[in-house]
Structure formats: C-alpha cells, structure tokens
1. Check segment 22-38 and report whether any residue there is assigned to a loop (DSSP other than H, G, I, E, B), out of contact with any strand residue (DSSP E or B) (no Cβ under 8 Å at 6 or more places or on another chain) and farther than 19 Å from residue 132 by Cα.
2. Being in contact with a strand residue (DSSP E or B) (Cβ under 7 Å, 6 or more places away or on another chain) and outside any strand (DSSP E or B) is the filter here, so list the residues in segment 323-354 that pass it.
3. Could you go through segment 39-46 and let me know if any residue there is without any contact (Cβ under 8 Å) to a residue 60 or more places away in the chain, touching a strand residue (DSSP E or B) at 6+ places or on another chain (Cβ under 8 Å), crowded, with 17+ Cβ neighbours inside 10 Å and at negative phi.
4. In segment 138-229, which strands (runs of 3 or more DSSP E) lie fully inside it and hold 3 or more residues that are crowded, with 22+ Cβ neighbours inside 10 Å and without any contact (Cβ under 8 Å) to a residue 60 or more places away in the chain?
5. Any idea which of 131, 82 is part of a loop (DSSP other than H, G, I, E, B), surrounded by 15 or more Cβ atoms within 10 Å (Cβ to Cβ), without any contact (Cβ under 8 Å) to a residue 60 or more places away in the chain and under 20 Å from the mean Cα position of the chain (by Cα)?
6. Which numbered condition in (1) closer than 28 Å to residue 105 by Cβ; (2) surrounded by fewer than 19 Cβ atoms within 10 Å (Cβ to Cβ); (3) within 18 Å of the chain's Cα centre (by Cα) is the only one that residue 247 fails?
7. Filtering segment 103-137 down to residues that are touching a helix residue (DSSP H, G or I) at 6+ places or on another chain (Cβ under 6 Å) and over 16 Å from residue 182 (Cβ atoms), which residue is modelled with the lowest pLDDT?
8. Residue check: is residue 101 under 20 Å from residue 340 (Cβ atoms) and in contact (Cβ under 8 Å) with a residue 40 or more places away in the chain?
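The values are calculated or read from the model by the stated rules, or taken from the named source; none is laboratory data. Computed from a predicted structure; not experimentally measured. Quick reminder, even Gly has a Cβ in these numbers, built from the backbone with ideal geometry, and neighbours come from all protein chains shown.
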C-alpha cells in the first residue's frame, strides 16, 4: 500500500437539511441520506427520517441548488417504510441509512438499506427505474461458502453499497460487487454469547468486506443481486481515529487511481451494547483507493480523517460527534459528498483533488 500523499480532500459547505419543526416523522432527526438523479434530471435526496421511539423511514426530497452548490431540500414525502414483518424491530426499528448506486448496465437505481428487524440490523435491496417508486428485492442472503467456516447470514450487517459498474470477480469473470460490514456480534439475539469468527479472521472489529454477483446470473434473474457470493475481507481499522471499527460510505467513485471509497471510522469507547446509541464515540470520515483490477485490494488510504466532528452541528445532536458520509453526486463538473451530522442533520462537502 502506497505512502504517497492522499490525492483527495473534503471542504465543508454547510447544512442543507434539518428536522422540520412540528413534523412527527422527523422529531428525532434527519440524517444519513442517499441521492440519485431522476429521469427528469433532478437531483433527489433520500434522508433517513427518525420519529419518536427511534423508528426510521426513508424520505425523498429535491435538492435545491444555488450556483451549482446544494443549499437546501424540498420535501416530497416518504418512499420506504417498515411495512414488511422482517423490517420491524422489537425495541426500535424501521428502514435506515439508504445508499443508492445508479447502475447504467442494468438501467436501474439500486438502493441498499438497513432493515432493523426482530434480529437486529440486516441489509436489504430495492430497485427503481425512475428514482421515485421503489420495488423491494428483499433481504440480502449471503451465499454459504464452506471455506469461510461460517454463515454470514447469522450476523448483523450494515454499510452495504454497490459499485456502479461490473468489476473483475474472484475468478476474473465480470461481476457486480457490493461492499458490506458484517459484525461478529450476537448480542442482539443471544446476549452474552461470543460469536465465532470466520476462518482466517483474528480481529473481531467490524471491517469492510466485498462480495460478488456474477453479471451473467443477474442478467438471467435480477434477484441474484441480493444473493452475493465470493466473500472477501477488504480493510479493517488501521489508525487511531478508526480503532473501534470502520464502514463504507457512498458508492465507490471511479478515479484515475482506481476506485475512491470514502468511509467512516469510529474511535472512543462503546458503553454497553453496540446496538444502542452511543455518546462516547467519535465518527470521522476518511478514504481509500481500491484497485480497479481487484477491488478487494487497498492501494492507499488516509492516515488521518478528511473530516472529523468539529462544527456545532457535527458535535451536538441526537448522537454527538458524528460525521457519517453516505452519498456522492457530480453537479456541474464537481463532486459533492452528503453526510449525516450528529444523527440529527444533513451536511454537504465538496470533494477536491489535491495531487
């Protein structure tokens, strides 16, 4: 992995969405959005809306621009809520933290989201042709592989997102690919039980993995998008600012060096269960470059955050000290990153090349 200066940075531009006073769907925050371009050319944003009791829905809004810079959001309603049994939790629940990847080869927008159901957080997929109406493909079912010595479906999983174009699969075949973050933690379902780690894994901290869906399989049956195979470790915590865990952010962006992946890292101390809101941790944003020829291989990564919680909106909120990037969009030739601020608001930053 290279030690040359990382070629990208983030510049804060400010808050673009805050909870609407008097709106019961947003009383506990608007955060962690996805974005997509509609068939009408408009840029749409899909915030996580949190109502009382930490129940989440996925909303939709139109991003308002001024001189090519996102400045606000026009609310347009809700596109997804927990109306399936597997999306309803016992303590809190709903549909959370969407990411959207537009995949031209399929003519579809693909949304990944967390269904916080009876056994905790599990990833799921939905697809859309117009970025307005969404059809569920259901929960992701990771294919069993005996060499891994475990079943990934036993574990909670979050921070799932797809690459926008096919990449080389484990055997070199063209494949769609997704990044995800399994958590070797059974606390939600079996309190006090230690989870067995997969073969070859010695670090139980939540890390980024990659899995694949062969293009030929998806062309035969779109449901194959929700049946990934070929699971491989990509990256784990490496620096102090991410020493507790890391997770992928927006869909990877193709750049000259390979695939630019913006990710979050968590430091601090977890008190009690990792599945309850924490106020003694710090979420920051960093980045890495993945090899275009083998996206399971990390070529470079930031040894310090691109953005750490510093502004009032990032430090104080429903959960303080959180910068959580989840979407990236090109507007008039520039790339903008949308991120959650202290689990309460949504901010935007400009991605700039420094080298």
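1. Among the residues of segment 22-38, at least one is assigned to a loop (DSSP other than H, G, I, E, B), out of contact with any strand residue (DSSP E or B) (no Cβ under 8 Å at 6 or more places or on another chain) and farther than 19 Å from residue 132 by Cα, which makes the answer yes.
2. Within segment 323-354, 342, 343, 344, 354 meet the criteria.
3. No; the residues of segment 39-46 include none that is without any contact (Cβ under 8 Å) to a residue 60 or more places away in the chain, touching a strand residue (DSSP E or B) at 6+ places or on another chain (Cβ under 8 Å), crowded, with 17+ Cβ neighbours inside 10 Å and at negative phi.
4. 208-214
5. The unique qualifying residue is 82.
6. Residue 247 satisfies every listed condition except (2).
7. This residue is 117.
8. Yes: the conditions hold for residue 101.
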